[in-house]
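*Asks:* For reference, the structure I am asking about is given below.
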Amino acid sequence: MTDAQLSQPEKDDPDSGSDHDERASDDKTTQKETSEEPPPAPPRAHVFIGAGLVIAGLLGLGVYNRVQRGAAASETQKATAIFAPTLHVATVRSDNSPIRLTLPGETMAYDTASIFSRATGYVSQRLVDIGSRVTRGQLLLRIAAPDLDAQADQAHAQLGQMKAQLVVAQARLAQAEADSKLAKVTNGRTGTLAAEGWATKQSADNDAANVSAQGANVAASQASVQVAQANVEAQTATLNRLQQLTSFERVAAPFDGVVTARNVDSGDLVTMDAASGQPLFVVQRDDILRVVIDVPQSGAVNLREGLKATISVPELPGQQFDSVISRTAVALSAASRTLRVEADIDNRAHRLNPGLYANVSLAIPRVKPGLIVPSDALVFDAQGMQVMVVKNKIVHLHRVSIYRDFGTTVELLGGIAKGDQVALTPPADLRDGDHVRVASSPASAR
């Protein structure tokens, strides 16, 4: 096939002719662009249609999403309105067992005596020292008091003088009584003779006056005797006082015990002033010890004498000392609101010392049963301390107060009843009257 034959169809092809025309038109357009800027071609219709469809789709999607969100919100509101939280509850139990308290105490000597000097002098002999065990009446110290001894001797001599004066006064009284008796007899005789004319009337008057004078002498003698007796009694009292003071030159133990303090030595000057200075000795009775306990008000109401007390000392592990409450102060201290009580321990084996710290365990009977709930049931808010009691799946708030706190559980004074179901760790937004669901496995107050 020749080149002429191959080019012949291209001439007859209408498309090739249009392409030729388009190329020619493009050439002309190019030539016109070189001379001036042509106006933009108008947008085609299908572009507007596509944009409209996209906008319509977006609007429809937005409306659909809004409708879906509204429906979901309505469902949420409905679910919230009928929502009832699920709570774990515990049953309130009653405790009628004794109140067991372990309180700090202190051991003290059953008797303690601070011995001061009642005589002024020098220590001539000291027979005991700190730690010495003594018995009642045992001599502890001798005091040399020569001045006091001299005063006692002088008082004894003066007492002898007073007794002699009493004897003289009694003799004068006897003489006065005899003279008075004689005057009465003489007056009687003279009166008879004067009436018969054998004696003058003047003699009779003199004898009558003598009777009165002798009566006055008797009265004066009796008064002298009374004065002498009073002087003897006064001097006897003075002598007894001095003899008593001289007896204090011998310092003796007031009871069986141990010397816990000694503040003098031989040769020291001591005075009879007990208001100042230190005592000569301190003696304590330790065969019986007092254990002093301050019981708080919560346990003092029903505490009585005879209640059992178990005493232990940290330094003696494994050893316990059984006792009972021996005495109470009855009235509570206004400063600490505690009741001072004492328990006695038999310490004849001297296993304990006065002044030890001790732990005292008491089992105090209850006035009324206690109500025990878990600590998780307590709610603190603006209304104070409360618990939520669940009854018929409805919450009821009850105000309560704590009597004793055991950590995981507490004992309440009232506000609820035995057998009530209390909510454990309730939500903060739960209110009185709200409906709840109760968990299938309720807890219990331990």
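The values are calculated or read from the model by the stated rules, or taken from the named source; none is laboratory data. What you are looking at is a predicted structure, and each value in this text was computed from that prediction instead of being measured. Counting neighbours? That spans all protein chains shown, and the Cβs are built from the backbone with ideal geometry, glycine included.
*Asks:* Which residue pairs have Cβ atoms under 6 Å apart, sit 6 or more places apart or on different chains, and have a first residue in the range 165-191 that is within 23 Å of Ser203 (Cβ to Cβ) and a second that is of a type in the set (Asp, Glu)?
*Replies:* The qualifying pairs are Thr186/Asp207; Asn187/Asp207; Thr190/Asp207.
*Asks:* Hey, another quick one. Just need a number here: residues in the range 352-385 that are modelled with pLDDT under 90 and either within 27 Å of Val341 (Cβ to Cβ) or touching a His at 6+ places or on another chain (Cβ under 8 Å) (or both).
*Replies:* 7
*Asks:* Which of the residues spanning the range 403-424 are closer than 14 Å to Pro374 by Cβ and either loosely packed, with under 13 Cβ neighbours inside 10 Å or touching a Cys at 6+ places or on another chain (Cβ under 9 Å) (or both)?
*Replies:* Across the range 403-424, the qualifying residues are Asp405, Phe406, Gly407, Thr408.
*Asks:* Moving on to the next point. Does at least one position in the range 196-205 carry a residue that is closer than 30 Å to Gln229 by Cβ, crowded, with 17+ Cβ neighbours inside 10 Å and more than 50 Å from the chain's Cα centre (by Cα)?
*Replies:* Among the residues of the range 196-205, not one is closer than 30 Å to Gln229 by Cβ, crowded, with 17+ Cβ neighbours inside 10 Å and more than 50 Å from the chain's Cα centre (by Cα), which makes the answer no.
*Asks:* Then there's this: Assess whether Ala423 counts as being in contact with a strand residue (DSSP E or B) (Cβ under 8 Å, 6 or more places away or on another chain), within 28 Å of Ile311 (Cβ to Cβ) and either part of a strand (DSSP E or B) or touching a residue at least 12 places away in the same chain (Cβ under 8 Å) (or both).
*Replies:* So Ala423 does not fit the description; no.
*Asks:* A further question follows. Mind listing whichever residues of the range 126-149 are polar (S, T, N, Q) and exposed (fewer than 13 other Cβ atoms within 10 Å of the Cβ)?
*Replies:* Within the range 126-149, just Thr135 meets the criteria.
*Asks:* Could you look through the range 264-279, keep only residues that are of a type in the set (D, E, K, R) and surrounded by 11 or more Cβ atoms within 10 Å (Cβ to Cβ), and pick out the one that is modelled with the lowest pLDDT?
*Replies:* Among those that are of a type in the set (D, E, K, R) and surrounded by 11 or more Cβ atoms within 10 Å (Cβ to Cβ), it is Asp273.
*Asks:* What number of residues in the range 340-380 are closer than 30 Å to Arg431 by Cβ, touching a Gly at 6+ places or on another chain (Cβ under 9 Å) and either aromatic (Phe, Trp, Tyr) or not in a strand (DSSP E or B) (or both)?
*Replies:* Within the range 340-380, residues that are closer than 30 Å to Arg431 by Cβ, touching a Gly at 6+ places or on another chain (Cβ under 9 Å) and either aromatic (Phe, Trp, Tyr) or not in a strand (DSSP E or B) (or both) number 1.
*Asks:* Assess whether Glu177 counts as being assigned to a helix (DSSP H, G or I) and either surrounded by 13 or more Cβ atoms within 10 Å (Cβ to Cβ) or modelled with pLDDT under 90 (or both).
*Replies:* In short, yes.
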